[in-house]
Structures are given as C-alpha cells and as structure tokens.
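To keep things clear, I will list the structure first and then write my remarks on it.
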Amino acid sequence: MHEDLAVDSQKDIIVQVLKEKGLRVTPQRFAVYANLLSRQDHPTVDQLLHDLNQEFPVSSQATIYTSLQALQTAGLVREVLLEPGVTRYDANVDRHHHFRCRCCGEIEDISWTTFEPLKIDNVREGLHAEGYEVTIYGVCDRCQPSA
C-alpha cells in the first residue's frame, strides 16, 4: 500500500513540474519524462522508444522527439553528446561531468565538484566561452579484469 502511495506521489510531482514549466501534460510527454527520471544511463531516442512501447505501445519515434524537444526547451532535459553521431538524453540538468566506458559504453555521472574549475576565460581572444563539461573516457570497474 505504501508503494502505491509513493508511485502516486511521484506521478503528482512529475505532473506538477511539467505544469510549472508551462507544458501541457500529455500521456506521451509524461511517459518520456518519467522514464528519463527513472534511469541513469542517458538513453538514445531508440532506447526510449523501445522501453516506452513496452509500457505505452502507441509511442512513435516522432512522438518521442517532439516530447524531448518540449522537455528540453523547458529546461527539464538536456542532450548529451559523448560519441560521434549519437545523441543521448538526460533528465539530470544540474551541472555535472560524465565518465564513458570504452568497453561496455556505460555512462556515469560525475559530480561537478570532482575537478578544479577550468579557467575558460583563458581561451584565445575573440572567443566568448559560456560553459564546459568534462567527459572522461576509460574502463569502468565492471569491465576491468579482477586483480
């Protein structure tokens, strides 16, 4: 019974957040945002489509893109570009960095405060730096052979 209350409470929070951002709460938009909030893996549109069609079998790729665009414009979702030609999405819009495993492809968030701040004002004259994020590439602990 407590689990049902927690799920209903989470649904109410998602609806409230969407409304506060001026978004109409459609079943598809709700499903996309709820799915992104529930995961840490920075999915592609195809991964979202696969997952959502298991729960909500009327989603199309165009619907997912439209929902993501609205969520992104509202500042609730951001694109993550960690590999050429692949756009991933993240509901964690707070400043953070990423680690990407070169073996399994898993992506993990890294706290913004992990690294010393970069002096982005040191770029050449004529460039106006507005921000940055760091992507670390390597091998995760799940892929490293046991020592």
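A short reminder: the numbers here are calculations on the coordinates, not readings from a lab. All values derive from a computational prediction rather than experimental measurement. So basically every Cβ, Gly included, is an ideal-geometry build from the backbone, and we count neighbours across all protein chains shown.
Key figures
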read-out	value
Two-decimal Rg/Rh across the chain, once Rg and the Kirkwood Rh are taken from alpha-carbon atoms	1.03
Separation in nanometres of the label points that stand 7 Å from Cα toward Cβ, at Asp121 and Val17	3.4
All-pairs Cα distance distribution in region 43-112, expressed in whole percent, bin size 5 Å	3, 15, 23, 24, 19, 12, 4, 0
Rg over Rh [alpha-carbon atoms, Kirkwood Rh] for region 96-138	1.09
Ranked by how many other beta carbons lie within 10 Å on average, peptides 114-120, 70-76 from highest	70-76, 114-120
Separation of alpha-carbon centers, region 26-96 and region 99-132, rounded to whole Å	22
Proximal charge balance of Gly75 [Cβ under 15 Å; K/R count +1, D/E count -1]	+1
